[in-house]
Amino acid sequence: MAPKDIMTNSHAKSILNAMNALRKSNTLCDITLRVEGTDFPAHRIVLAACSDYFCAMFTSELAEKGKSFVDIQGLTASTMEILLDFVYTETVLVTVENVQELLPAACLLQLKGVKRACCDFLNSQLDPSNCLGIRDFAETHNCLDLMQAAELFSQKHFAEVVQQEEFMLLSQSEVEKLIKCDEIQVDSEEPVFEAVLNWVKHNRKEREPYLPDLLEYVRMPLLTPRYITDVIDIEPLIRCSLPSRDLVDEAKKFHLRPELRSEMQSPRTQARLGAKEVLLVIGGFGSQQSPIDVVEKYDPKSREWSFLPNIARKRRYVATVALNDRVYVIGGYDGRSRLSSVECLDYTADEDGVWYSVATMNVRRGLAGATTLGGGYDGLNILNSVERYDPHTGHWTSVTPMANKRSGAGVALLNDHIYVVGGFDGTAHLSSVEVYNIRTDYWTSVANMTTPRCYVGATVLRGRLYAIAGYDGNSLLSSIECYDPVIDSWEVVTSMATQRCDAGVCVLREK
């Protein structure tokens, strides 16, 4: 038989255990590390193999090269004990109590394994109350991955972070860096404005002069007119600052003179990028009115479309909903019958996601909705009636009807208002849009879409309303329009690869 190399898994561990036993009994040790008056016998070759710091000390022409004792400054004896245990056992216990001493010491002695363990521990401890401090701590010690993780955490949880003591203790430049960031995730600019105001009020005497400079990075034109007039206008700090008043006047002008908005473009008029949210368009029907199984994904940041795995069964008239990291496709029509089956996309399973079946409904359903609102078709007439269900009482009640009869309209909730988009009134395909105020039980009209759309998908993404594909009375559509409620305007933003009607539409927040 030919000779064969045989590898074992226990040799390295066995050597480490043996050397650690020798260290603890001060056997064959050729160096003593002295920290805060405590001596730690060790082996040069072990320290040099584990740490570039000790390797340079023992192999270069430094004075410590030939010494039997070396004084180590900048760390405590208890920390040195933990680090030596790691060198000889490859194990380190990181705790809330020791991490702030352990990480700097690991950086000093260039023990990469301990540094990585400390960073992983701090990453797991990120919280709105400590993420800013961890970010600064990571930056001080050049822990770039941890610094980035803490930065992303502070952006994702901005509204909570700015209520913490850490935020109130930031310098003016640090506050500026945070609020000017495009990536902070907020539903509106209100938390940003309030964060600046609260930071100034925390130490008004010293910080009030910084207010106009910080307000430069608050996107006040994107606030609602009501908030500008009812909140900002009456704030004493704003009223006594002429530069701040100029910024408020700019926001008012943006709303009052829409014809000038193209000339007023600046970072303050651009929406923040916010969360990593993507738009999914699922199923529907194509040019032959046959159900399709195609799933497309739209990334609003890159404005690019891509395909996800097809659903297992072709469906039109589907209902869709996103919940946590999963997307559910519910019921629909496969060309022969209404369906009770439900498919789920586990978006975290791998790069593309995996579709699988979950429990079926008790009733077959097509043209259902994961969230529904009145109107529609009763088999005889196009309807404009609207009903509201109270789950506490188990009763339906009628509310104010829409101005127009609609079937095949898109419905979505934005800023506590229900938007009904397009549809068919029995005669014409509609481009009109109506908005229902839940609190006042009142419908109003807003700007029309650029294109009539029936069997249209509607959803909300990053504070804007999207109308997706549909049928304009002559042909199937692939175009997507976006409505900005601040400026009451629609624009075509992109087109899908596939023309379709009756598709399921939902928004999924990616990790």
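The values are calculated or read from the model by the stated rules, or taken from the named source; none is laboratory data. Computed from a prediction, not measured in an experiment: that's the story for all the values here. Positions of Cβ are generated from backbone atoms using ideal geometry, with glycine treated the same way; all protein chains shown enter the neighbour counts. Just the protein is used for accessible areas: all its heavy atoms, side chains included, with ligands, DNA and RNA removed. Shrake-Rupley method; radii C 1.70, N 1.55, O 1.52, S 1.80 Å.
Taken over the Cα atoms of segment 396-511, the convex hull encloses 128 Å³ per residue.
With the simple model of a label 7 Å out from the Cα in the direction of the Cβ, ARG116 to TYR227 spans 4.4 nm.
Just to verify a number: FRET efficiency for THR95 and CYS55, C-beta to C-beta distance, R0 = 45 Å, to 0.05? My answer for the efficiency is 0.95. In the chain, the alpha-carbon atoms span a convex hull of 270 Å³ per residue.
With a threshold of 32 Å on the Cα-Cα distance, the over-threshold entries among LYS24/LYS112; LYS115/LYS205; LYS156/LYS252 are LYS115/LYS205. The Rg/Rh ratio of segment 147-268, with Rg taken over Cα atoms and Rh as the Kirkwood radius over Cα pairs, comes to 0.96. Shape summary: segment 128-167 maps onto an equivalent ellipsoid whose semi-axes, from the alpha-carbon gyration tensor, are 18, 10, 5 Å in decreasing order.
Rolling a 1.4 Å probe across the protein heavy atoms gives the chain an accessible surface of 52 Å² per residue. Close amide H contacts of THR459 (hydrogens built in the peptide plane, cut-off under 5 Å, sequence separation of 5 or more or a different chain): TYR466.
When the residues ARG313, ARG44 are ordered by accessible surface, computed with a 1.4 Å probe over the protein chains alone, the sequence from largest down reads ARG313, ARG44. Computed across segment 223-323, the Kirkwood hydrodynamic radius from all distinct Cα-Cα pairs reaches 17.9 Å. Specify the angular offset, from 0 to 90 degrees and rounded to the nearest 10, of the alpha carbon long axis of helix 242-256 from the longest principal axis of the alpha carbons in the chain. Value to nearest ten degrees: 40. Normalising by residue count, segment 31-143 has a Cα convex hull of 98 Å³ per residue. By the rule of a C-alpha distance below 20 Å, with chain neighbours fewer than 8 residues away ignored, the lysines paired with LYS297 are LYS276, LYS314, LYS511. If the segment from ASP488 to MET264 were pulled out straight at 0.36 nm per residue, it would be longer than the present Cα-Cα gap by 79.0 nm. For ILE311, the amide hydrogen comes within under 5 Å of the amide hydrogens of VAL295, counting only partners 5 or more places away or on other chains and with H modelled in the peptide plane. Available extension along the chain between SER357 and PHE307 is 16.0 nm, counting 0.36 nm per residue and deducting the alpha carbon span. For a paramagnetic label modelled on LYS253 (point 7 Å from Cα along Cα→Cβ), amide N atoms under 14 Å away belong, within segment 212-244, to 221, 243-244.
Suppose only helical runs count, i.e. DSSP H with n ≥ 4. What mean residue ellipticity at 222 nm does that imply for the chain under -39500 (n - 2.57) per run, divided by all residues and rounded to the nearest 500 deg cm²/dmol? For the chain, the value works out to -8000 deg cm²/dmol. With a Förster radius of 35 Å applied to the C-beta separation of ARG464 and ASP85, the computed FRET efficiency comes to 0.05.
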